[in-house]
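Structure first, commentary second.
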Amino acid sequence: MIPILLKSLRTGIVTQPSPAAREEWRVRAAQVNDQILKLLGRALVIREVDAGSCNGCELEVNALSNPYYNLEGLGIRLAASPRHADMLLVTGPVTKNMEEPLRIAYAAMPEPKLVVALGDCARDGGIFGASYATCGGASKVVPVDVVVPGCPPPPLAILEGILAAVRTQGG
């Protein structure tokens, strides 16, 4: 135990320094919040559905909730029920077992409905493609408004995809 403690004391702190505050992010956050309020009249509520992913995209969506990206501060929040959601965020290739639950989640959403396919797998099946176990991309099961490519896409690309979908609805 003592050698481990001594090694820790010699090594010191090995984490990265926190990023510097950026004024343009604060201005952008205010613009995004205003845009969402103007288009929807309230906060944007998202229901995420993992249709069979490797969880890489979920980790990036989860990163949006940390203080650096501050999804809630932008007027966007995640919901547990599709009945309260404005947007469906689909990750992963749609497996045969998730085909019907995805349709049910989409049907349970109130109008207007937005769907974002997140990642290469949700776009067209990615490395899994369409096989005996998967249907392929989300567009084979529900209508998709915006596709965010990447494996996994970075948090800023996800945020831009969400905002692009909101803009398409605002028309």
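Structure summary
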item	result
Helix-derived mean residue ellipticity, 222 nm - over the chain, DSSP H n ≥ 4, -39500 (n - 2.57), to 500	-12500 deg cm²/dmol
Tail weight of P(r) past 20 Å, computed on alpha-carbon pairs of the chain, percent	55
Sites Ile127 and Leu59, calculated FRET efficiency, Cβ-Cβ separation with R0 22 Å, nearest 0.05	0.80
Surrounding net charge for Asn62, when Lys and Arg each add one and Asp and Glu each subtract one, Cβ distance under 14 Å	-4
Inter-part distance where the stretch 73-136 and the stretch 138-167 are each reduced to a Cα centre, Å	10
Label-point separation in nm, Thr15 to Gln31, each point 7 Å along Cα→Cβ	3.1
Distance (nanometres) between label positions extended 7 Å along Cα→Cβ at Glu23 and Arg103	5.4
Using alpha-carbon coordinates, inclination of helix 155-170 to the longest axis of the chain, degrees	30
Relative contact order, percent, the stretch 2-170 [alpha-carbon distance under 8 Å, six or more residues apart]	21
Pairwise Lys count, the stretch 2-170 - Cα closer than 26 Å, eight or more residues apart or different chains	4
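Readers should treat all values here as calculations from the given coordinates under stated rules, not as data from a laboratory. Just so it is clear, the model here is predicted, and its values are computed rather than measured. Please note: Cβ atoms are built from the backbone with ideal geometry, for glycine as well, and neighbour counts cover all protein chains shown.
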